[in-house]
Amino acid sequence: MAAVEAVIFDLDGVIVSTDEYHFQAWKQLADAEGIPFGREDNERLRGVSRMESLEILLEKASRAYSDAEKTAMAERKNAIYRESLRELSPADILPGVDEMLEDLRGRGIKMAVASSSKNAVPILEAIGLADAFDAVVDGTHISQSKPHPEVFALAGERLGIAPERCLVVEDAAAGVEAAIAAGMPVLAVGSAASHPGATLRADDLTGITTDEMLGLAGR
Ligand code: BG6
Ligand code: MG
């Protein structure tokens, strides 16, 4: 791995524990429609945009839904999700994140958030990290969501760092694939840690040192 000059973090499931709120909101919607939906189905929604997530959820529906119905369902899901975000605070920052950000900042490493979410900015504000990154690229800036590389390529460009020197941190299979497609090494955490394409793996950010992340120490 080339020496890392920038770290690009996914948001949901890497920096903050919103992934459970996403699941609960989709589950509520699916239950109301009588569509089977469990945690295994939810894994496929990680890193994927809201409308694409809805399409995946509807694969198990017993009838077809019109475009107008789909728009209304996505809005309903987002309203439920936004309601649960009212509870969000710095206590929802995932283990090891604050320490990692501080260490990277101290070493002069550039940092960005690259998320498929259109709610990224209010989430960063709620957890007190709105000013912690050199760039924030989210679902409002891109036309193709992960596994397409657009969000990571744009984050790398905004930071002014070549792709092979940007380390992506991801918890989603779609995100690991997007990073690889962008030509970036990737640290896979959580349920993505078993992804065969990952450059580095850890259960969470307490499970890896900054030196290991930056390619300064072997693992
Ligand atoms: C990603 C999540 O970060 O954002 C997905 O992992 C989610 O589960 C996607 O569907 C879109 O989020 P939002 O907030 O725009 O509905
Ligand atoms: Mg994620």
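Mind running the shape call on region 1-45? Use the C-alpha gyration tensor, a ≥ b ≥ c as the square roots of the eigenvalues: rounded below 1.5 for a/c, prolate if a/b tops b/c, oblate otherwise. Intermediate values should be presented prior to the final figure.
On the way: a/c = 5.35, a/b = 2.96, b/c = 1.81.
Because a/c hits 1.5 or more and a/b exceeds b/c, region 1-45 counts as prolate.
Alpha carbons only, please: Rg and Dmax for region 19-87, in angstrom.
Expressed in Å, the Cα Rg and Dmax of region 19-87 come to 11.1, 35.
Considering the convex hull of the alpha carbon atoms of region 72-151, report its projected area averaged over all viewing directions, in nm², one decimal.
Working: hull surface 25.1 nm².
About 6.3 nm², averaged over all directions.
On average, how much area does the Cα convex hull of region 112-198 cover when viewed from any direction, in nm²?
Values: hull surface 20.9 nm².
Over all viewing directions, region 112-198 projects a mean Cα-hull area of 5.2 nm².
To the nearest 20 Debye, how big is the dipole of the chain about its Cα centre, given +1 on the beta carbon of each Lys and Arg and -1 on that of each Asp and Glu? Display every interim value, and only then the final one.
Details: 21 positive and 37 negative charges, 74 e Å.
So the dipole magnitude of the chain works out to roughly 360 debye.
Divide by every residue of the chain the summed helix terms, -39500 (n - 2.57) for each DSSP H run of at least 4, and state the resulting mean residue ellipticity at 222 nm, rounded to the nearest 500 deg cm²/dmol. List each step's numbers first, then the result.
On the way: 9 runs with 88 residues, N = 219.
After summing the helix terms and dividing by the residues of the chain, the value is -11500 deg cm²/dmol.
Please give the Cα centre distance for region 82-130 versus region 178-192, rounded to the nearest Å.
When both Cα centres are located, 18 Å separates them.
Work out, in µm²/s and without decimals, the Stokes-Einstein translational diffusion coefficient of the chain at 4 °C, 1.567 mPa s, Rh from Kirkwood over C-alpha pairs. Show your work: numbers first, answer last.
Values: Rh = 17.6 Å.
Taking Rh from Cα pairs, D becomes 74 µm²/s.
Just so you know, all these numbers are worked out from the coordinates, no wet-lab data involved. All of these numbers come straight from a predicted model, not from anything done at the bench. Backbone-built Cβ (ideal geometry, glycine too); neighbour counts: all protein chains shown.
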